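First comes the structure, then the notes that go with it.
The values are calculated or read from the model by the stated rules, or taken from the named source; none is laboratory data. A quick note: this is a predicted structure, and the numbers were derived from the prediction, not measured. Neighbour counts run over all protein chains shown; Cβ positions are idealised from the backbone, glycine included.
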Amino acid sequence: MSTPAQNKELVLTAFGTLFGKRDYEAAREFWSEDYLQHSRRIPPGREGLFNLIRALPATLRYDNQLAVAEGDYVALYGRYSGTGDTASVVADVVRVENGRLAEHWDVWEDEATRAESAGDLPTFGNHFPPDRAR
């Protein structure tokens, strides 16, 4: 049985391996063969996720701002960028089982520019992205 801290480290390492290094062979060790995907944006299963990442530009980048773990669940708050004009700020929730990522949920939104932010605060980090041309 793993601790929440171990689960958090596992999930962060897995995300770095897949989204940063794009090392699919190593990523197989982190994602369960029976991986359940609840995202409307990502095809089912481990191969659905891997194939989606393979199809994205090599400029894809994941930056994590916050990771919180409780029991078998790890919640990440991060930004996916490098795939187009607008970065996505995402809350990912992952369930860990037997030392592997077993299940995933997410909530996505476009990263707000200063002009788009009603609260006048960035949605990720300490700086706004450049305003987008309309």
Fill in the blank from the handout: By residue number, the members of region 8-63 that are of a type in the set (Gly, Ala, Ser) and under 18 Å from Val74 (Cβ atoms) are Ala14, Gly16, Gly20, Ala27, Ser32, Ser39
Completion exercise
When every residue in region 7-52 that is under 11 Å from Val94 (Cβ atoms) and of a type in the set (A, V, I, L, M) is compared, the one farthest from the chain's Cα centre (by Cα) is Leu36
Fill in the blank from the handout: Per the filter on region 77-121, residues farther than 20 Å from Arg46 by Cβ, more than 16 Å from the chain's Cα centre (by Cα) and not charged (D, E, K, R) are Gly84, Ala112, Thr113, Ala115, Ser117, Ala118, Gly119, Leu121
Exercise for the section: Search region 31-54 for residues that are touching a residue at least 60 places away in the same chain (Cβ under 8 Å) and pair each with any residue that is of a type outside the set (D, E, K, R) and surrounded by 13 or more Cβ atoms within 10 Å (Cβ to Cβ) when their beta-carbon atoms are under 6 Å apart and the residues are at least 6 apart or on different chains. Expected result: Trp31/Leu101; Ser32/Ala102; Tyr35/Gly45; Gln37/His104; His38/Trp105; Ile42/Leu49; Ile42/Leu52
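Considering only residues that are among the polar types (S, T, N, Q) and out of contact with any Lys or Arg (no Cβ under 6 Å at 6 or more places or on another chain), look in region 6-50 and name the one that is nearest to Asn64 (Cα to Cα).
Thr13
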Exercise for the section: Sort out for me the helices (runs of 4 or more DSSP H) sitting completely within region 1-94 that have 1 or more residues that are small (Gly, Ala, Ser) and touching a strand residue (DSSP E or B) at 6+ places or on another chain (Cβ under 7 Å). Expected result: 4-15, 45-55
Fill in the blank from the handout: Taking region 1-21 and keeping only residues that are at pLDDT 95 or above, over 15 Å from Asp106 (Cβ atoms) and in contact with a Leu (Cβ under 8 Å, 6 or more places away or on another chain), one is left with Leu10, Leu12
Handout entry: Selected residue (only one of Ala87, Ala14, Ala5, Ala58 is touching a residue at least 24 places away in the same chain (Cβ under 8 Å), over 22 Å from Asn126 (Cα atoms) and in contact with an Asp or Glu (Cβ under 9 Å, 6 or more places away or on another chain))
Key = Ala14
Exercise for the section: Would you check if there is a residue in region 96-110 being among the aromatic types (Phe, Trp, Tyr) and touching a helix residue (DSSP H, G or I) at 6+ places or on another chain (Cβ under 6 Å)? Expected result: no
Completion exercise
Checked region 26-42 for anything at pLDDT 95 or above and either acidic (Asp, Glu) or surrounded by fewer than 13 Cβ atoms within 10 Å (Cβ to Cβ) (or both); matches are Glu29, Glu33, Asp34, His38
Exercise for the section: Mind listing just one residue for me: the one in region 76-90 that is of a type outside the set (Val, Ile, Thr) and in contact with a Pro (Cβ under 7 Å, 6 or more places away or on another chain) and, of those, surrounded by the most Cβ atoms within 10 Å (Cβ to Cβ)? Expected result: Ala87
